[in-house]
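Some notes on the structure that comes next.
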Amino acid sequence: MISYNTKDWFTFIFRFHKADTFRTLLPIMLAIGIYSGLVGYLEVVHWKLSEASYVKNITLMHGMLGFVISLLLVFRTNTAYDRWWEGRKLWGALVNNSRNLAMKLSAILKESQDDRQFFRKMIPQYAQVLHQHLGSSQTANALSDDPDMQLDLEKHMPNQVAAMMMDRVNALHVSGRISAGQLFMINEELRSFTEICGACERIKNTPIPYSYSAFLKKFVFFYVMTLPFGYAFSLGFYVVPVVVFIFYVLASLELIAEEIEDPFGDDANDLPTLRMSENIRRHVEELI
């Protein structure tokens, strides 16, 4: 995720970073500019249709459709941001629950260095494995040199880490090193790990319905492509930058929504889950 100063206006205006939509849309903007110039030339210079009666009807249609498309884009961006923000809240809960579990286990397992070392490694490892799992990436690295703690990459990796911690906690309870009350006390954090993973998977695996996304793209495209027919007479060849700018604004909103609706990828505006997992590791090592 990009870190920036929200009060630095000139940085936003004059700097183009790799996540800026301008670079992505530049080829299409050039094509639309050429198309708009060609339409303007044919209507105003070649055919001289400036007195045609259909011009007012086209501009009226654009005014009504502009209002409709603005509502659709607002709904689209709000829906995408809700998904991004929900992902951020879920990872914030994972950070807090990892700290709480580390503090409780540190107090309960004061005399057991082996168990403390196990949870010191496994609690932050869950966040790192979840980051890899949501990013659809795999890793061949083992959790440690112990072959019993290695992950099977063909299976659900976060579940394997959670199961290892639950098995260890259950063994501690069976051996009498933690009481039933202590088991109940730490169960909430252990259970929350799987719930957070499931909620993140719901965001990851459930995109915006295809029909809605395809319709919005088609709507924006045909709206922009008909703009030169209605405004070439009043704007002349200035219709070229005007139409290109309108397309840039509308298409950029759709591109931004597409990027943030999946907050667990490697895009510049996605959540910094790797950095958050590293913070969890540092905090757990301080507590245990």
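The values are calculated or read from the model by the stated rules, or taken from the named source; none is laboratory data. Because the structure is predicted, anything quoted here is derived from the model rather than measured. Don't worry about glycine lacking a Cβ; one is built from the backbone with ideal geometry, like all the others, and counts go over all protein chains shown. Accessible surface is based on the protein model in full, side chains and every heavy atom, while ligands, DNA and RNA are left aside. Shrake-Rupley method; radii C 1.70, N 1.55, O 1.52, S 1.80 Å.
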Considering region 191-229 alone, what residues qualify as being of a type in the set (Phe, Trp, Tyr) and over 24 Å from GLY87 (Cβ atoms)? PHE215, PHE219, PHE221, PHE222, TYR223, PHE229
So the check is Cβ under 9 Å with 6+ separation or different chains; which pairs have a first residue in region 203-214 that's closer than 17 Å to LEU130 by Cα and a second one that's among the aliphatic types (A, V, I, L, M) and part of a helix (DSSP H, G or I)? ILE203/LEU90; ILE203/LEU134; LYS204/LEU134
Considering region 158-183 alone, what residues qualify as being open to solvent by 70 Å² or more (accessible area, probe 1.4 Å), farther than 27 Å from GLU201 by Cβ and part of a helix (DSSP H, G or I)? VAL174
Tally, over region 185-213, of residues that are acidic (Asp, Glu) and surrounded by fewer than 16 Cβ atoms within 10 Å (Cβ to Cβ): 2
Write out, first by first residue and then by second, each pair whose Cβ atoms fall under 9 Å of each other, whose residues are 6+ apart or on separate chains, and whose first residue, in region 21-46, is over 19 Å from LEU235 (Cβ atoms) while the second is among the aromatic types (Phe, Trp, Tyr) and outside any helix (DSSP H, G or I). PHE22/PHE16; ARG23/PHE16
Given the conditions (1) open to solvent by less than 40 Å² (accessible area, probe 1.4 Å); (2) closer than 30 Å to VAL129 by Cβ; (3) at pLDDT below 95, report the number of the one that ILE2 does not fulfil. (1)
Residues (open to solvent by 20 Å² or more (accessible area, probe 1.4 Å) and among the charged types (D, E, K, R)) located in region 215-269: LYS217, LYS218, GLU258, GLU259, GLU261, ASP262, ASP266, ASP267
Could you tell me whether region 52-63 includes any residue that is more than 19 Å from TYR238 (Cα to Cα), assigned to a helix (DSSP H, G or I) and modelled with pLDDT under 65? yes
